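Have a look at the structure below before the remarks.
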Amino acid sequence: MSQDVATHCPYCALQCGMTLRRTDSGVRVLPRRFPTNRGGLCQKGWTAAELLDHPNRLTTPLLRDRPDGDLRPASWTEALDRVEAGIRRVQTAYGRDAVAVFGGGGLTNEKAYALGKFARVVLGTRNIDYNGRFCMSSAAAAGNRAFGVDRGLPFPLADLATADTLLLVGANVAETMPPLVRYLVEQRQRGGTLIVIDPRVTATARQATLHLQPTPGTDLAVANALLHIALAEGWLDKDYIAARTTGFTEVRRVVASYWPARVEQLSGVPVADLEAAARALGTAERAIILTARGAEQHAKGVDTVTAFINLALALGLPGRPGSGYGCLTGQGNGQGGREHGQKADQLPGYRRIDDPAARAHVAAVWGVRPETLPGPGLSAYELLSALGTADGPKALLVFGSNPVVSAPRAARVTARLRALDLLVVADFVRSETAELADVVLPTAQWAEEDGTMTNLEGRVLRRRALRPPPAGVRTDLEILADLAGRLAPVTAAGAGLRFPVEPREVFAELRHASAGGIADYAGISWERIDAEDGVFWPCPEPNLPGSPRMFTDRFPTPDGRARFVPVEYRPADEEPTPDYPLYLTTGRVLAQYQSGAQTRRIAPLRTAAPGAFVELHPDLAVRLGIDDGDEVRVTSRRGEMRAPARLSPGIRPDTVFAPFHWPGTARINSVTSDALDPVSRMPEFKVCAVRVEKA
Ligand code: SF4
């Protein structure tokens, strides 16, 4: 007997369609044609089911009785008693903001929504944020500033194949989202030009028509130079600028000083390459500019993305068929996860938590008084680095995240987690963060629960359960409902707060809560998602179509126009010095995902990518006396890591690269910088100053 269910991959924001087949011998992944992946999957997707019955799978809660003791198995009653008592103790001693929540960009929309509601109305804390803050908050802030909305791609993915010129900035899709590469191949087969901006010759850059290889942290100057050249050559769309935008005069004044020779000095990109890239973009009938983590994860990430948006607006791209600007979201539900309330400054529907009308609307849906809702809390890294301090949170609940590996300056974050009075981690494996917990709650996996995800296009999808969770395991919604039942106050209306455990019921409530917001899901039902291969938000009414293409007539700003914002280049927070003479940049490899808590446990992925490495140029290696495969130490002002050297002529001789999926001595986030963007509060993962030596 076999049973099939049509669902999506648990990992990245491409959310490839797949079929899960349950047979007597286990669960198999089969390809499924879906508009985004068209039957393609990467190695992570193919092997995703191997974790379902993995021997490391948690099936019972774990408790730590003494700070120096080991975790031991416990019953759910004992575990939840411990959580309840710990929360009450901390709240009584330190107040409600002393209990914090940290979520994840892999949680379904329903879970992200329930988590935000739980934090605000059950715990009454302002301190909730999530790891998506590390992922694309800079593009979100830049998108909101320019367009009045933040949706990764404001057009369907398939548009990429039709662009005459496609510019990828800091996006290594050949390793992070391999099925997306088919659109790049199609685009080039149609005669299109692919330009990649990246300090490394990545698998994606190798496919490019033109590769610009700037010094880490100088993308903003490159963008301003491209606009400078397009302006000088008369390639701007003056009618579009006049009719659909505001603020160009000041941007024109600023980019006047980014002449190509100056930007070659700043970035190392030759003038001829800057001119060729500007020409390809400026003379294309259809052009698309995409940014990803390489542009965003900087202390000036918002301004860097803004510089590329300015370029797109000046060329008249957003809203034109086959053209536009977009951001490639990373985590599976990075988009939906930040729309429904697990971000410190947001309420469901992408509403601002400091907006009185938004508070009134959401409070009415939740059955509480608006004034009882807390205000904005600390951003992800600020929250983690405040844990256990005199004024910071003393208890933390973690759902779907592993900050011990994925946060910047991770040794400091680890120390802060250790300083807590209570750390509760809900996960299905003993992640590095779970290993520090006082209470670990075993949760269901993606194939064991229904829900919705919102992919990189803003397309809301159905995740479908193949089987129930194993005995001893509960869903995140059940855990939140249990805790709400124990902790919840009585609402203003005198009735108990509702925390349904059925995802369909939670989605129905989410629709009401999002109605009228920027990310309006009111018209989206699970039935429509099934019938239409997903529905694009905003979709305010059941009888209206979704919005696959945005900005065709107007932008969702008060005057309907997009806003140019002048931005100036500034150096990275930490530039090389004689003691730390090299740039470090970090990123991903094909066979691992995020902190690796899941993918490091899957044998074929472990074989394909067994451990961290430090990539460096052969010329640099000669200077440092390092051979390929030598163990090297990478040291910054914050800490060090060790891994084997991997020599590659494809990296700049002034830069080294390491992937961030591994813990322990190979953890590159022991080294990375915790400088934050002033607007998005995103850390500067992509550049810091280091020293490299043979270990
Ligand atoms: Fe597709 Fe991403 Fe899953 Fe790979 S990890 S199969 S690209 S959704």
query: Just wondering, is there one or more residues in the stretch 617-625 that are more than 24 Å from the chain's Cα centre (by Cα), aliphatic (A, V, I, L, M), farther than 20 Å from Asp674 by Cα and not in a helix (DSSP H, G or I)?
result: no
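Specify which of the listed residues (Arg38, Arg22, Arg89, Arg96) is touching a residue at least 60 places away in the same chain (Cβ under 8 Å), in the same structural domain as Leu373 (by TED's automatic domain parsing) and either under 26 Å from the mean Cα position of the chain (by Cα) or farther than 25 Å from Gly337 by Cβ (or both).
None of the others qualify; the one that does is Arg89.
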message: From the list Glu435, Glu478, exactly one residue is under 24 Å from the mean Cα position of the chain (by Cα) and part of a helix (DSSP H, G or I). Which is it?
response: Glu435
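Hey, does the stretch 343-357 have a residue that's among the basic types (Lys, Arg) and in contact with a strand residue (DSSP E or B) (Cβ under 7 Å, 6 or more places away or on another chain)?
Scanning the stretch 343-357, I find at least one residue that is among the basic types (Lys, Arg) and in contact with a strand residue (DSSP E or B) (Cβ under 7 Å, 6 or more places away or on another chain), so the answer is yes.
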statement: If we keep only residues of the stretch 1-24 that are away from the ligand (no atom under 11 Å from the Cβ) and not in a strand (DSSP E or B), then the residue surrounded by the most Cβ atoms within 10 Å (Cβ to Cβ) is Ser2
query: Just for the stretch 25-64: of the residues that are more than 12 Å from the ligand (Cβ to nearest atom) and hydroxyl-bearing (Ser, Thr, Tyr), which one is farthest from Arg467 (Cα to Cα)?
result: Thr60
field: Of residues in the stretch 626-638 being in a loop (DSSP other than H, G, I, E, B) and not aliphatic (A, V, I, L, M), the one farthest from the chain's Cα centre (by Cα)
entry: Asp627
- request: Mind listing whichever residues of the stretch 176-209 are more than 20 Å from Leu220 (Cα to Cα), buried (at least 22 other Cβ atoms within 10 Å of the Cβ) and among the aliphatic types (A, V, I, L, M)?
  value: Met177, Leu180, Leu184
message: Condition check: among the acidic types (Asp, Glu) and free of Cβ contacts under 8 Å to residues at least 12 places away in the same chain. Does Glu250 satisfy that?
response: no
- request: Would you tally the residues in the stretch 650-686 being within 15 Å of Leu616 (Cα to Cα) and in contact (Cβ under 8 Å) with a residue 60 or more places away in the chain?
  value: 10
task: Return the only residue of Gln335, Gln331, Gln297 being out of contact with any Lys or Arg (no Cβ under 9 Å at 6 or more places or on another chain), crowded, with 24+ Cβ neighbours inside 10 Å and polar (S, T, N, Q).
output: Gln331
- request: Select the helices (runs of 4 or more DSSP H) contained entirely in the stretch 112-203, then report the ones holding at least 1 residues which are more than 16 Å from the ligand (Cβ to nearest atom).
  value: 137-147, 181-189
- request: Considering every residue within the stretch 385-392, establish whether at least one is surrounded by fewer than 22 Cβ atoms within 10 Å (Cβ to Cβ) and of a type in the set (A, V, I, L, M).
  value: yes
- request: Please determine, by comparing only the residues of the stretch 623-657 that are under 26 Å from Asn172 (Cα atoms) and among the aliphatic types (A, V, I, L, M), which one is surrounded by the fewest Cβ atoms within 10 Å (Cβ to Cβ).
  value: Leu647
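The values are calculated or read from the model by the stated rules, or taken from the named source; none is laboratory data. In this text the structure is predicted, and so the values were computed from the model without any measurement. Positions of Cβ are backbone-derived with ideal geometry, glycine not excepted, and every protein chain shown enters the neighbour counts.
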